[in-house]
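One structure follows; several queries about it will come next.
The values are calculated or read from the model by the stated rules, or taken from the named source; none is laboratory data. Because the structure is a prediction, the values reported are computed rather than measured. Please note: Cβ atoms are built from the backbone with ideal geometry, for glycine as well, and neighbour counts cover all protein chains shown. Just so you know, the surface numbers come from the protein's heavy atoms only, side chains and all, with ligands and any DNA or RNA stripped out. Shrake-Rupley method; radii C 1.70, N 1.55, O 1.52, S 1.80 Å.
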Amino acid sequence: MIETAAALLRLLLGLGAVFFLGYAGLILLVPRPGDFTFGERTALSFGTGAVFLTLWMLVLTWWGIPFTLGRIIGPPLALGAGLLLTPRGRRTVREDLRALKGRPRMELHGWDWVFWGLLGALFLYALPRAALYPVWAWDAVATWGCKASIFYASRGLDLTCIEAHNYYPNLIPLLLTYLYFALGQVNDSLAKVIFPLWGGLVLILLHALAVRLGLSRTRALGLTAFLALNGTVFITHLYIAYADLPLAFFTLGGAGLLSLWLSGAAPPGSLPLAACCLAGMAWCKYEGPPLAATLLLAAALTLAWLRPGRWVRRLGLLAVPLMGLATGYLPWRLFVMQQKLEIGADHIQNLYPHQMVQAVGHLFTALINPFAFGVLWPALALLGAGRSLWRSPRLFLALFVGGNLAAVILAYGLAPTSAAEFPAYVRATLDRLLLHLTPVAALLLALSLKDLDPAPTGEKLPPKPSGPVFGGEV
Amino acid sequence: MTPRKTWRFWLVRLVIGLWGLQVLWLIWHFGPEAGDLARRLVRGEVGGAIRQEEPLYRWAAALKTVIPEQAAYVFLDDYAAGKEIQVRYYLAPRRHILLPPDIPAGFLFYVLHRERAAFLLIRESARPLGPGAQAACASPAFRRVNLPGPGLVFRVDADLLGWGFYD
């Protein structure tokens, strides 16, 4: 009993340190962190902290310094504490403490209870399901979990004893490794709580972004519950220890912040935070860098199509998130080259048009299959269309989602599988590829719902920076 | 309200109705798993206790006491069966080399020698042993380790396999 309590305490302290790092990081990245809501900062703190901590672990490996808990967390914590001691840091902490004391009680009405009840029931199931069962799903055992236990045992990024897609980026295995150090042992069931945590952060971020985009709190909560309880894919990923949910989190963060920036509704510092999310995308999964690149491409195309004031300058500002993508991508890529790790070059050999045709069928089936994503994608198809799409910055989200659906079909056209293997290959990958996009699809749905009631009454929206529709703040 | 908006409100209601059905279906779908979770919680059979139910895990746990951490082993199995990745996970950080069950003797012996593998593991299957596994059973370079479980375990003397190609 005491052992379990001690393990839980160590886990909470370990996770708390990641939040703390991100909280301190926000002070560095954002001029006035208080411009972001509590929900946004909670979610983005963990994402930023995880990116920073795991990149630091890569640096330690590069320097040949074996991992210990002190070496992993000590210097970043010292840096974080130093940031809090700066004038901006002190001011932020003071404001946050004041805000916590004067925080009004959350008032719940009719539908709020229903949505909170549904979300509560979901996590009442998913959290113990993650924390009490050992790692068992394919990629968790074959890749992420296996790497984490080896990194822990070897005190570094030892990739010599396995062939587990060694060239894949390592945010997730390194985060698990860090938690094993925090726990003092390989406890793969307890460390798995980060996956319901990532899921919870996706939902918190979606809710916060939906409110910022203009939805009432109740509708935003309904939309959040709608994403969480639609089909089995999101729910299952809360406890199977795959990297897809973290990638979905970073994708939502990047897409949401860029969308706000394009609409002129983003608080100052949104672009550096979006850059952090793009770094997370590139560093957490092999599919991350191309996905992040499509975010930038969609943003650039939106600016070029709508041509708001100073649009050329704004195109130039996209260099900020581009630098984030490079920060998440290049260190690992250079490490792979230095270590001469074999990269899966067999992924692209030829284009197989018949596979593309089959992929179209599989894709549309997956989008409307209630088992996979429920009615979320059909709801988007029914409610998302509209003439205003071509005249507003929501074009960005539509381009990103639509472009990636097309890219999924193209990717299957390039997959070097036999005709017999192809359906199984699609079955094993398609739901995950769509999971990366689904929270962004929900964000697009939020904009469609906003159209139905553009001026909700009696709802307090978060403070928006004043400025034109296409404000140019970084 | 414009007719267009009325239409959209009806669509929203339709979607909410379908979502309600979806939530009920999810409760039905995840019900058995939630029941299993509740039962395990009541009995305290969680974490490591769940693993102990697996014969493959018990076998791997016994192998851990036999195979040193620095050693390499060759595992004969089909990747698609999904058992090899579990054994690799349980035995990490021991170096793991997967080969197919129907591998010819020459190539199996060559890999064992080249990789300095100290153990050969053959997961049991309904199919008869392949030529490589049969040759291993008959060769003096392999000593059977008596470890009950869903597979055969051999200690390999890689030096005895050092005379080159066999086929």
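When only residues in the range A:223-232 that are open to solvent by less than 10 Å² (accessible area, probe 1.4 Å) and part of a helix (DSSP H, G or I) count, which is farthest from the other protein chains (Cβ to nearest Cβ)?
So, considering only residues that are open to solvent by less than 10 Å² (accessible area, probe 1.4 Å) and part of a helix (DSSP H, G or I), the one farthest from the other protein chains (Cβ to nearest Cβ) is A:T224.
Restricting the range A:166-196 to residues that are within 12 Å of chain B (Cβ to nearest Cβ) and in a loop (DSSP other than H, G, I, E, B), which is surrounded by the most Cβ atoms within 10 Å (Cβ to Cβ)?
Residue satisfying both the conditions and the ranking: A:D188.
Something else: I need the full set of residues from the range A:154-173 which are free of Cβ contacts under 8 Å to residues at least 60 places away in the same chain and either within 18 Å of A:Q338 (Cα to Cα) or touching a helix residue (DSSP H, G or I) at 6+ places or on another chain (Cβ under 9 Å) (or both), in order please.
Result: A:D158, A:T160, A:C161, A:I162, A:E163, A:A164, A:P173.
Related question: Looking for something more than 21 Å from A:T42 (Cβ to Cβ) and either within 14 Å of chain B (Cβ to nearest Cβ) or modelled with pLDDT of 95 or more (or both) - is there at least one such residue anywhere in the range A:87-95?
Taking every residue of the range A:87-95 in turn, none turns out to be more than 21 Å from A:T42 (Cβ to Cβ) and either within 14 Å of chain B (Cβ to nearest Cβ) or modelled with pLDDT of 95 or more (or both).
Out of A:G200, A:G253, A:G231, I need the residue that is modelled with pLDDT of 95 or more and under 21 Å from B:W19 (Cβ atoms). Which one?
After applying the criteria, what remains is A:G200.
Still on this structure: Can you work out which of the residues in the range B:70-92 that are within 23 Å of B:A105 (Cα to Cα) and among the small types (G, A, S) is most open to solvent (accessible area, probe 1.4 Å)?
Taking the candidates together, the pick is B:A80.
If you don't mind, there's one more thing I want to ask. Can you give me the ranges of the helices (runs of 4 or more DSSP H) entirely in the range A:263-329 with at least 1 residues that are touching a His at 6+ places or on another chain (Cβ under 7 Å) and not polar (S, T, N, Q)?
Qualifying helices (runs of 4 or more DSSP H): A:288-306.
Further question: Going by what's in this entry, would B:P32 be described as closer than 30 Å to B:A117 by Cα and open to solvent by 30 Å² or more (accessible area, probe 1.4 Å)?
no
Another question, if that's okay. Please return the ranges of helices (runs of 4 or more DSSP H) entirely within the range A:353-449 where 3 or more residues are β-branched (V, I, T).
Of the helices (runs of 4 or more DSSP H) lying wholly inside the range A:353-449, those with at least 3 residues that are β-branched (V, I, T) span A:353-368, A:395-414.
Here's the yes/no breakdown for (1) without any contact (Cβ under 8 Å) to a residue 60 or more places away in the chain; (2) more than 19 Å from the chain's Cα centre (by Cα); (3) closer than 22 Å to A:I172 by Cβ:
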site	(1), (2), (3)
A:L13	no, yes, yes
A:E40	no, no, no
A:I73	no, yes, yes
A:L79	yes, yes, no
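Within the range A:390-421, take every residue that is open to solvent by less than 60 Å² (accessible area, probe 1.4 Å) and within 14 Å of chain B (Cβ to nearest Cβ) and give me the one that is farthest from A:A292 (Cα to Cα).
Step by step, filter the range A:390-421, then rank; the result is A:S418.
Is it the case that A:F52 is touching a residue at least 12 places away in the same chain (Cβ under 8 Å) and under 14 Å from A:L271 (Cα atoms)?
Spelling it out, it is not the case that A:F52 is touching a residue at least 12 places away in the same chain (Cβ under 8 Å) and under 14 Å from A:L271 (Cα atoms).
For the range B:62-78, does any single residue satisfy the condition of being within 11 Å of chain A (Cβ to nearest Cβ) and part of a helix (DSSP H, G or I)?
No, the conditions are met nowhere in the range B:62-78.
Still on this structure: What's the number of the only condition in (1) within 14 Å of chain B (Cβ to nearest Cβ); (2) under 25 Å from the mean Cα position of the chain (by Cα) that A:A424 fails to meet?
All conditions pass for A:A424, except number (2).
Would you please name the residue that is modelled with the highest pLDDT, looking only at residues in the range B:79-100 that are at the interface with chain A (Cβ under 9 Å from one of its Cβ atoms) and assigned to a loop (DSSP other than H, G, I, E, B)?
Per the stated criteria, the residue is B:R94.
How about the range A:136-165: which of its residues are polar (S, T, N, Q) and open to solvent by 10 Å² or more (accessible area, probe 1.4 Å)?
A:S149, A:S154, A:T160
Please state which one of B:R13, B:R8, B:R40, B:R51 is part of a helix (DSSP H, G or I), open to solvent by 80 Å² or more (accessible area, probe 1.4 Å) and either without any contact (Cβ under 8 Å) to a residue 12 or more places away in the chain or within 10 Å of another protein chain (Cβ to nearest Cβ) (or both).
The match here is B:R13.
Turning to a different aspect of this structure: Determine if the range A:27-35 includes at least one residue that is of a type outside the set (A, V, I, L, M), touching a His at 6+ places or on another chain (Cβ under 8 Å) and over 21 Å from A:G328 (Cβ atoms).
no
If B:R143 satisfies every condition in (1) closer than 25 Å to B:A62 by Cα; (2) exposed (fewer than 15 other Cβ atoms within 10 Å of the Cβ); (3) out of contact with any Lys or Arg (no Cβ under 7 Å at 6 or more places or on another chain) but one, which is the exception?
Only one criterion in (1) closer than 25 Å to B:A62 by Cα; (2) exposed (fewer than 15 other Cβ atoms within 10 Å of the Cβ); (3) out of contact with any Lys or Arg (no Cβ under 7 Å at 6 or more places or on another chain) is unmet by B:R143, namely (3).
Quick one: in the range A:133-163, which of the residues that are more than 7 Å from every other protein chain (Cβ to nearest Cβ) and in contact with a strand residue (DSSP E or B) (Cβ under 9 Å, 6 or more places away or on another chain) is farthest from A:T236 (Cα to Cα)?
Across the range A:133-163, the extreme among qualifying residues is A:T160.
Only one of A:F335, A:F249 is open to solvent by less than 10 Å² (accessible area, probe 1.4 Å), under 21 Å from A:V440 (Cβ atoms) and of a type outside the set (G, A, S). Can you tell me which?
Going through A:F335, A:F249 in turn, just one is open to solvent by less than 10 Å² (accessible area, probe 1.4 Å), under 21 Å from A:V440 (Cβ atoms) and of a type outside the set (G, A, S): A:F249.
Right, here's the next one. Out of all the residues in the range A:369-378, is one or more more than 14 Å from chain B (Cβ to nearest Cβ), open to solvent by less than 30 Å² (accessible area, probe 1.4 Å) and either small (G, A, S) or out of contact with any Phe, Trp or Tyr (no Cβ under 7 Å at 6 or more places or on another chain) (or both)?
No - not one qualifying residue is present in the range A:369-378.
Could I ask something else about it? Can you tell me which condition A:R129 does not meet? The list is (1) among the charged types (D, E, K, R); (2) outside any helix (DSSP H, G or I); (3) closer than 30 Å to A:N170 by Cα, and all the others hold.
All conditions are met except number (2).
In this structure, does A:F249 turn out to be within 11 Å of chain B (Cβ to nearest Cβ) and under 15 Å from A:T438 (Cα atoms)?
Spelling it out, it is not the case that A:F249 is within 11 Å of chain B (Cβ to nearest Cβ) and under 15 Å from A:T438 (Cα atoms).
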